[in-house]
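The next block holds one structure in the form of structure tokens; read it before the comments.
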């Protein structure tokens, strides 16, 4: 549905400015829920601004259903919804008035707009506060209203840029449920977040950005399968020859601990039984075994490094 071809975006002078996006190509299938990850300053928000038509790329092309997305293609841009990282709302207007205003920008009016706005506000738990000024809303309510106005014109593809920043657990749970429901309805969603556990729970496929480039774009299960997990055993000291044998059998890395050992390897759950059988065959009986599969955090750190980013 969405195809970005060799996107480059330079902020400021084309020769001396900051190159926020550096030759990014990305394809998003219709109905897909894609997670977009990256450290601070990786270029995620800059890329989203290009993919939604808010910024023209310095070079490259964005296609929506094969048609170039440009400033004069309001018909294509109307098929896109965006809930930006900074809430885009009018505090002096009520929740319902915000819905009416943003709906009117897309040519919606009358009873159909009222019914749609009411349905969306109700689905996000905001209907009881629909007649209150948005400036009185809590942080979680503002995030939900931010999503509501992005949905008012019934977009086919939805960009969510850090949609749960600063929200309470109840609002986060409600937003999660609504996003899952939108995906089940067939909506195409690009979801950007710093919260790795959110992306891991929601997104079957991930694109990971760093320094303005996409450094990995794979199904989540593929990324996890390529990352070592660990098996920890509490037992008597393992002789070095046995430790070496286990390391060879698991194609992993062996570490002795004060009360046993840890093996870092791919597919730790699949190799745990073999490890126990090998230990028992050599007279070592583990008291406790803990299997820790790879998680998205370990994948993310392997690809982007552990250094702090403040940009």
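The values are calculated or read from the model by the stated rules, or taken from the named source; none is laboratory data. Keep in mind the model is a prediction, meaning the values are calculated, not measured. A quick note on method: Cβ atoms are made from the backbone with ideal geometry, for glycine too, and the neighbour counts reach across all protein chains shown.
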query = What number of residues within the range 83-118 are in a loop (DSSP other than H, G, I, E, B) and in contact with a helix residue (DSSP H, G or I) (Cβ under 8 Å, 6 or more places away or on another chain)?
reply = 11
ask   = Taking residue 277, is it closer than 15 Å to residue 229 by Cβ and either at pLDDT 85 or above or surrounded by 15 or more Cβ atoms within 10 Å (Cβ to Cβ) (or both)?
value = no
note = Residue hits (the range 102-123; over 31 Å from the mean Cα position of the chain (by Cα) and either surrounded by 15 or more Cβ atoms within 10 Å (Cβ to Cβ) or outside the structural domain of residue 176 (by TED's automatic domain parsing) (or both)) are 114
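Here is a yes/no grid of residues against (1) part of a helix (DSSP H, G or I); (2) modelled with pLDDT of 95 or more; (3) out of contact with any strand residue (DSSP E or B) (no Cβ under 8 Å at 6 or more places or on another chain):
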residue: 120; (1), (2), (3): yes, yes, yes
residue: 131; (1), (2), (3): no, yes, no
residue: 135; (1), (2), (3): yes, yes, yes
residue: 142; (1), (2), (3): yes, yes, yes
residue: 145; (1), (2), (3): yes, yes, yes
residue: 148; (1), (2), (3): yes, yes, yes
residue: 165; (1), (2), (3): no, no, yes
residue: 170; (1), (2), (3): yes, no, yes
residue: 173; (1), (2), (3): yes, no, yes
message = Any residue in the range 65-76 that is farther than 15 Å from residue 49 by Cα and not assigned by TED's automatic domain parsing to the domain that holds residue 155 sitting within a Cβ distance under 6 Å of a residue that is surrounded by 13 or more Cβ atoms within 10 Å (Cβ to Cβ) and at pLDDT below 85? List the pairs, counting only those 6 or more apart or interchain.
response = none
Test: residue in the range 155-178 that is over 24 Å from residue 91 (Cα atoms), touching a helix residue (DSSP H, G or I) at 6+ places or on another chain (Cβ under 8 Å) and assigned by TED's automatic domain parsing to the domain that holds residue 75 = yes
request  = Please determine, by comparing only the residues of the range 248-265 that are touching a helix residue (DSSP H, G or I) at 6+ places or on another chain (Cβ under 7 Å) and not in a strand (DSSP E or B), which one is nearest to residue 221 (Cα to Cα).
outcome  = 250
inquiry  = Considering only the range 203-219, I want to know if a residue exists there that is under 19 Å from the mean Cα position of the chain (by Cα), within 22 Å of residue 292 (Cα to Cα), in contact (Cβ under 8 Å) with a residue 24 or more places away in the chain and surrounded by fewer than 13 Cβ atoms within 10 Å (Cβ to Cβ).
reply    = yes
inquiry  = Exactly one of these conditions fails for residue 34: (1) within 18 Å of residue 194 (Cβ to Cβ); (2) outside any strand (DSSP E or B). Give me its number.
reply    = (2)
query = Just wondering, is there one or more residues in the range 176-192 that are in a loop (DSSP other than H, G, I, E, B), buried (at least 22 other Cβ atoms within 10 Å of the Cβ) and modelled with pLDDT of 90 or more?
reply = no
remark   = When (1) surrounded by 16 or more Cβ atoms within 10 Å (Cβ to Cβ); (2) modelled with pLDDT of 80 or more are applied to residue 261, the one that fails is (2)
